[in-house]
Amino acid sequence: MKRILAVVVFASVVPSLALADSVGGCGWGSKLFDGQKGVFPQILAVTTNGTSGNQTFGISSGTSGCTQSGVVTSAWKTAAFIDANMPKLAMDMSRGQGESMDSLASLVGVPAADRIVFNSTLQANFGRIFASTDVTSTDVTSNIKSVLAENSALSAYSVNI
Amino acid sequence: MFAAAACAAAEQNGYLDALVNEAHRAALAQEPQWRALLHFESSFFGAKSKAEPSSFFLAVDGRQDPQAELDATLKAFFESQRLKGRDETSQCAFPARYQWLKSKLKFDPILLPQQKCPQFDQWLSGIDPHGITMILASSYMNNPASAFGHTLLRLDRTSSDARSTLLDYAVNYAAATDDANALLYAVKGIMGGYQGFFSVSPYYEKVKLYSDLENRDIWEYKLNLLPAEVDLLVRHLWELQGVPFLYYYFDENCSYQLLSLLEVARPTLKLRSKFGSWVIPVETLQAVVEESALAAAPEFRPSAATKLQNRIAQAGDDVKRDSKRLALDSMAELHLADLGLSDQELAESLDLANEFLAYRIMGSADDQPILEERAFLLLNERSRIPLPDSVPTPLPPAVSPEAAHAARKFSMSVGLEDNKSFYQLSFRPTYHELPDPEGGYNLGSQISMLRTDFSFPAGERPRIERFDLLDLASITPRNDFVKPFSWYFKAGAERWGVSPEGEDLIWSLKGGFGYGWSILDRALVYLLNGPALHVGSDYERAFAVGVSHRIGSLLILTNRLAVMGEFNHERLLPDNNYDLFGLETGERYTLSRNLALRLSQRFSWGDGDYSSQFLFHLEKFF
């Protein structure tokens, strides 16, 4: 039965042991095919509010329940975005265009002038980035980082992942 | 030193008194913006804040008394100890109240120093708000009730542009519940059995949920709030963390609570007072439009299903055939090279196949692992073709939701029934029936509740001609790729029809399933079957059961003119073993957004009897 009303968890932004900036430290675990079952629309759904797992307040909370204290780095935000958007990113990347790609480019700091190279480079390296059906978002993030680092036009942006 | 501290304390106390006095003199606690900040409202049960007792209130009676709350707030601003459960001082926990009181009372920075609020500052710099957009998630397939919509707000970043709005933050109000029991959940949701909370999350999470998972189109309405108004609203959000409200599905729901946020930003917006016992999200959007709080026409964000249907509609037969093969042929049969396609053709087919597979995978098919393997393969294949997507994003529907007809309908009808003059008045509190102007609604979706038709026979008392508790229908077209079922459900009473004797009100319960098809996006054809139960003194045993078959069509000829027709047959068994046939046709002409003319023709025959009705209707939505 679909949980139509959200479970809302308030998580205050509490200074705690700072998790490392590195992506690996948080354990982003989303897969390409998340086993996310679609919603069988309830014929008489009473309410129409969301059902995503954790709704919080902190901008530093990602879908995996990861919370980062302190200033949220762009690397962290990028990892969180990739973690939450694997299927759409894969779809866009297969075509070398799309809103998820644009958002990723924005997060990584790629200016308009370099977007075309960014898009085509990632598309050409799709097989390396999404290496298997089981690839996790952590892998995807570090693969994208490698691909960018190897490209002379884009290597400057790889530090932002 | 002790004396100096005591002097400082006395000075501070003196300043606090001065501020409180000034606040009283200026009647700040009566100002609409202060009341909005407290979510303070007058109601039948008295005046109090809608927020539940919690750390949201600094005064013991703060919930009932805005003045007491204001005084306590001023006092708390002088304190430097952290609030219980918030791990920050009052100034930092209530940045909107602080900002507002500071601007009204002109705090002296020496006597009431501004404290540093690192957590709030960090949060605010991450949100980076520049503007506010109201988001409407519209209906999803086969769920007419979702036509009421769901609203949330998006906080647009200063650095945001049209291509990176996914990175903005969304504000949502929702109930917190764990109940899996649908009935309990429905009852508690209606009766205020759940608490509701505001939350802030990345907009891409919402798009993922509404657009990809639930397949709802999203409309984005940019509001024209000024920077100072946006700032106060966002500061107020920080104050609302973890603050419980009671969630009422009908009147204090997602959209109602968003209006309260907008009234904090701009107290001259009198939005909540426009609504009574049922707050329909789409209507709140219409209210925002009327109050001129909109800056521009909405942006349309098509759902995954809409994008897929658009791709299917644009695809030639070859592409459709090849896409299905690519997606569904067994591995042994799949030979890409053998298809003999150019890069362009292959790219097109792969794009359609990939979206189709994504749709199937989201819908939890039995053959999930196989589909996933195939999707992975095809995505890889597509990435080898450096050609762009040849199908552009779907265009928005001609009419956007805020321009759709209003929810309530009142009709006046005149005509002939069985060759006698017939007059009728009808009222339907909600929401949209198939003959109504389709702009802004899902074609084929009907939700009607508590419709009552009164007729005025010559020389007799007015009587109820028809009463519908519920009349729902969802006609969802099938195509090569996506094959949903259609369904209907009706519970109510009607005086119409050929019945064994007399013309009493007969109660019926009908429902069933079937198929629908779309022709050129302008016409719907449907076939529906299901059981019917009739209860009334006309029948031998006071009731009759039967099976009902319906075949019909709805044609949108122009943006004003639509025609519809349905042929139905009911076989009632076993004692009342007879066949009832019906033919209903109608023509509807839209005069304006909320006014329509309609002609209807009904014929019914069975068991040797025959009845006819010809009516002209004037219909007003409000």
For chain B, list log₁₀ I(q)/I(0) at each q in 0.08, 0.11 Å⁻¹, using the Debye formula over Cα point scatterers of equal strength and ignoring solvent, two decimals each. -0.74, -1.14
Write down the accessible area per residue of the protein assembly as shown in Å², having rolled a 1.4 Å probe over the full set of protein chains. 42
A/B buried area, accessible surface, summed, 1.4 Å probe, Å²: 6300
Percent carbon-and-sulfur accessible area, the protein assembly as shown, ignoring ligands, DNA and RNA, probe 1.4 Å: 58
How big is the gap, in Å, between the Cα center of region B:385-414 and the Cα center of region B:7-39? 50
Rounded, prolate or oblate: pick one for region B:55-123, where a ≥ b ≥ c are the square roots of the eigenvalues of its C-alpha gyration tensor, a/c under 1.5 means rounded, and failing that, prolate if a/b is larger than b/c, else oblate. oblate
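For Cα pairs less than 8 Å apart in space and 6+ apart in sequence, what is the mean separation divided by the residue count of chain B, i.e. the relative contact order in percent?
Details: 1236 pairs, mean separation 51.7, N = 622.
It comes to 8 percent, rounded to a whole number.
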Set the Förster radius R0 to 41 Å, insert the Cβ-Cβ distance between residue B:612 and residue B:478 as r into 1/(1 + (r/R0)^6), and round the FRET efficiency to 0.05. 0.75
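Taking region A:88-161 on its own, what percent of its Cα-Cα pair distances exceed 21 Å? Please list the in-between numbers first.
Values: 341 of 2701 pairs.
Tail fraction, whole percent: 13.
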What nm value, rounded to one decimal, do you get for the distance between residue B:12 and residue B:334 when each label is placed 7 Å out toward the C-beta? 7.0
For residue B:561 and residue B:42, compute 0.36 nm times the residue count separating them, minus their Cα-Cα distance, and round to one decimal in nm. 182.3 nm
Translational D (Stokes-Einstein, µm²/s) of the protein assembly as shown at 37 °C and 0.692 mPa s when Rh comes from the Kirkwood sum over C-alpha pairs? 112
Inter-probe distance in nm under a simple model that places probes 7 Å from Cα toward Cβ, at residue B:403 and residue B:182: 3.6
What does a probe at residue B:31 reach in region B:46-70, counting residues whose amide N is under 17 Å from the point 7 Å along Cα→Cβ? B:66-70
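If the only charges are +1 at each Lys and Arg Cβ and -1 at each Asp and Glu Cβ, what is the size of the charge dipole of region B:1-158 around the Cα centre, to the nearest 20 debye?
Here the size comes out at about 260 debye.
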Show which aspartates and glutamates lie in cross-link reach of residue B:48 when reach means a straight Cα distance below 14 angstrom and same-chain residues fewer than eight apart are skipped. B:61, B:65, B:69
Long pairs among B:50/B:75; A:31/B:208; A:88/B:307; A:88/B:208; B:324/B:483, criterion Cα-Cα beyond 19 Å: B:50/B:75
What are the ³J(HN,Hα) values, in whole Hz, obtained from phi via the Karplus relation 6.51 cos²θ - 1.76 cosθ + 1.60 with θ = phi - 60°, for each residue of region B:274-279 in sequence order, with x given for Gly and Pro? 6, 10, x, 7, 9, 9
In vacuum, with every alpha carbon of region B:178-323 counted as one equal point scatterer, what does the Debye formula give for log10 I(q)/I(0) at q = 0.14 Å⁻¹? Two decimals, please. -0.86
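The values are calculated or read from the model by the stated rules, or taken from the named source; none is laboratory data. In this text, all values refer to a predicted model and were calculated from it rather than measured experimentally. Neighbour counts are summed over all protein chains in view; Cβ atoms, including those assigned to glycine, are modelled from backbone coordinates with ideal geometry. The protein model used for the area step is the full one, side chains on, heavy atoms only, and it has no ligands, DNA or RNA in it. Shrake-Rupley method; radii C 1.70, N 1.55, O 1.52, S 1.80 Å.
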